[in-house]
Amino acid sequence: MKVSCLQENLAKGLNIVGRAVAARTATLPVLTHVLLATDGGRLKIAATNLELGINCWVGAKVEDEGAITIPARPFTELMALLPPDRVDLDLNIRTQTLRIQCGRTDNNIKGIDAQEFPIIPTFEPNNAAYIDAVLLKKMIGKVVFAAATDESRPMLTGVLTKFDNDKITMAAADGFRLSVCNGVLKEPVAEAKTILVPAKAVAEVARVVGEQEEPVAISVTPSRGQVLFHMQNVDVVAQLIDQRFPPYEQIIPQRFDTRTIVNTADILKACRQASIFAREASDTMRLHITPSDDMEPAKVTVTARADETGDNQSQLEATANGNEIEIAFNVKYLIEALAVIDAPQTAIETTAPKSPGVLKPVGDDTFLHVVMPMHLPR
């Protein structure tokens, strides 16, 4: 293999695939490596930890075809320190050593035969779903934070993704909250399907999609064990979670007794202030909603109290219809949900102090967030 490419492109490609490199304690040493291979006049950079795999292609001048795996950490660190110039890669097949020249720098890194690197599936357009890249990134951002990080319930560490005709739905829950976001595909799919994608993989897709203008293709491998997100110069492949996601529709309240509309930026700011004092009280924040009457306009009072630090109270203007209610929430959950609402106003639907609350952007029916209440101490 003899290849030349720009340092900037090589460093960027290594940064993209780096999240898929296995930890140094991996049982297979080759999983701590990145694959460098010539592919159709370009240089392919790949990494996998067997659960997540990423392929990235960068422009290159290919003189001789070939492939090698190189230890990811030293190669990435070296690339970041090289000058912004042309990088020449020359593989000695006999010793499996890659010579890396850039400017006045000459390096040699020993690798492992590329044949030992696991095969990462490649994109097949059959039965793929296509979605606008900007929309996909936005949808991921609105649900992925609600997925569980505790591996004891694997089904909750994923993002449920449903394709039906020209609709796509993403949902994530951790047992305390639920985020659901709907979108429209570029064209209808041939068959409806539902998959459970690890939240970590979905987050990687959002990270690497960048400012891509071309639609993202999403396909399931023939074995139905993996999902592949195909982008302009990057493929992200993930093992699907082979468990059933809870029937989330049953969690969404079908009615409410009080509907309150507040300015999104104002309540987000109030929650962030309250979080300073809520830390010592298990992040508990109180929301007191008072509908308007003949004497007073409607208002929302956000409060938090800490025995050691003190207390905080913010009063917000609102439009509220229904019953007066005081309900407690985990302030961190509210902050994360409000932060992804891009509408000027947010609707808060509540029923009782011990029933879930629902957040919805006003004028946008594609997103909702359900959050369980906390115990309200007296």
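What number goes with the only condition from (1) in contact with a helix residue (DSSP H, G or I) (Cβ under 7 Å, 6 or more places away or on another chain); (2) surrounded by fewer than 21 Cβ atoms within 10 Å (Cβ to Cβ); (3) within 23 Å of residue 218 (Cβ to Cβ) that residue 46 does not pass?
The number of the failed condition is (2).
Within the range 151-183, track down each residue that is surrounded by fewer than 22 Cβ atoms within 10 Å (Cβ to Cβ), among the polar types (S, T, N, Q) and closer than 20 Å to residue 136 by Cα.
Hits for the range 151-183 are 157, 165, 169, 182.
Among the residues of the range 1-27, write down those that are out of contact with any strand residue (DSSP E or B) (no Cβ under 6 Å at 6 or more places or on another chain) and in contact (Cβ under 8 Å) with a residue 40 or more places away in the chain.
Once the filter is applied, which keeps residues that are out of contact with any strand residue (DSSP E or B) (no Cβ under 6 Å at 6 or more places or on another chain) and in contact (Cβ under 8 Å) with a residue 40 or more places away in the chain, the range 1-27 yields 6, 8, 11, 12, 14, 15, 18, 19, 24.
Could you check how many residues of the range 318-360 are under 14 Å from residue 290 (Cα atoms) and crowded, with 17+ Cβ neighbours inside 10 Å?
So the answer is 8.
Determine which single condition residue 106 fails, assuming it passes every other condition in (1) outside any strand (DSSP E or B); (2) within 30 Å of residue 66 (Cβ to Cβ).
So residue 106 meets the others, but not (1).
Grab the strands (runs of 3 or more DSSP E) fully contained in the range 1-50, keeping just those with 1 or more residues being in contact with a Ser or Thr (Cβ under 7 Å, 6 or more places away or on another chain).
The strands (runs of 3 or more DSSP E) meeting that bar are 2-6, 33-39.
Tally time: how many residues in the range 223-238 are without any contact (Cβ under 8 Å) to a residue 24 or more places away in the chain and either of a type outside the set (Gly, Ala, Ser) or surrounded by 14 or more Cβ atoms within 10 Å (Cβ to Cβ) (or both)?
Total satisfying the criteria: 2.
With respect to residue 92, is the statement that it is of a type outside the set (D, E, K, R) and touching a strand residue (DSSP E or B) at 6+ places or on another chain (Cβ under 6 Å) true?
So residue 92 does not fit the description; no.
Residue by residue through the range 139-157, note down the ones that are without any contact (Cβ under 8 Å) to a residue 60 or more places away in the chain, in a helix (DSSP H, G or I) and charged (D, E, K, R).
The first filter runs over the range 139-157 and keeps only residues without any contact (Cβ under 8 Å) to a residue 60 or more places away in the chain, leaving 139, 143, 147-153.
Those still in the list that are in a helix (DSSP H, G or I) too: 139, 143.
Once the filter is applied, which keeps residues that are without any contact (Cβ under 8 Å) to a residue 60 or more places away in the chain, in a helix (DSSP H, G or I) and charged (D, E, K, R), the range 139-157 yields nothing.
For residue 241, state whether it is surrounded by fewer than 20 Cβ atoms within 10 Å (Cβ to Cβ), of a type in the set (A, V, I, L, M, F, W, C) and not in a helix (DSSP H, G or I).
No, not satisfied.
Step by step: first the residues of the range 269-290, then only those that are assigned to a helix (DSSP H, G or I) and of a type in the set (Lys, Arg), then the one that is farthest from residue 372 (Cα to Cα). Which residue is that?
269
Only residues that are surrounded by fewer than 22 Cβ atoms within 10 Å (Cβ to Cβ) and either under 24 Å from the mean Cα position of the chain (by Cα) or among the β-branched types (Val, Ile, Thr) (or both): list them for the range 27-41, please.
If the condition is that a residue be surrounded by fewer than 22 Cβ atoms within 10 Å (Cβ to Cβ) and either under 24 Å from the mean Cα position of the chain (by Cα) or among the β-branched types (Val, Ile, Thr) (or both), then 27, 30, 31, 32, 38 are the ones that fit.
Of these, 341, 327, which one is modelled with pLDDT of 95 or more, assigned to a strand (DSSP E or B), outside the structural domain of residue 136 (by TED's automatic domain parsing) and in contact with a strand residue (DSSP E or B) (Cβ under 6 Å, 6 or more places away or on another chain)?
327
So which pairs qualify, if the first residue must be in the range 307-318 and assigned to a loop (DSSP other than H, G, I, E, B), the second must be β-branched (Val, Ile, Thr) and surrounded by fewer than 15 Cβ atoms within 10 Å (Cβ to Cβ), the Cβ gap must be under 9 Å, and the two must be at least 6 apart or on different chains?
From residues that are assigned to a loop (DSSP other than H, G, I, E, B), the pairs are 309/276.
Out of 27, 38, report the one residue that is under 24 Å from residue 241 (Cα atoms), of a type in the set (Ser, Thr, Tyr) and not assigned by TED's automatic domain parsing to the domain that holds residue 229.
Of the residues listed, the single one that is under 24 Å from residue 241 (Cα atoms), of a type in the set (Ser, Thr, Tyr) and not assigned by TED's automatic domain parsing to the domain that holds residue 229 is 27.
Residue 246 versus (1) more than 30 Å from residue 121 (Cα to Cα); (2) in contact (Cβ under 8 Å) with a residue 40 or more places away in the chain; (3) not charged (D, E, K, R): which is the lone unmet condition?
All conditions pass for residue 246, except number (1).
Does the range 119-150 hold any residues that are at pLDDT 95 or above and touching a Leu at 6+ places or on another chain (Cβ under 7 Å), and which are they?
129, 130, 131, 146, 147, 148
The values are calculated or read from the model by the stated rules, or taken from the named source; none is laboratory data. These numbers were taken from a predicted model, which means no experiment stands behind them. We place every Cβ from the backbone using ideal geometry, glycine too, and count neighbours over all the protein chains shown.
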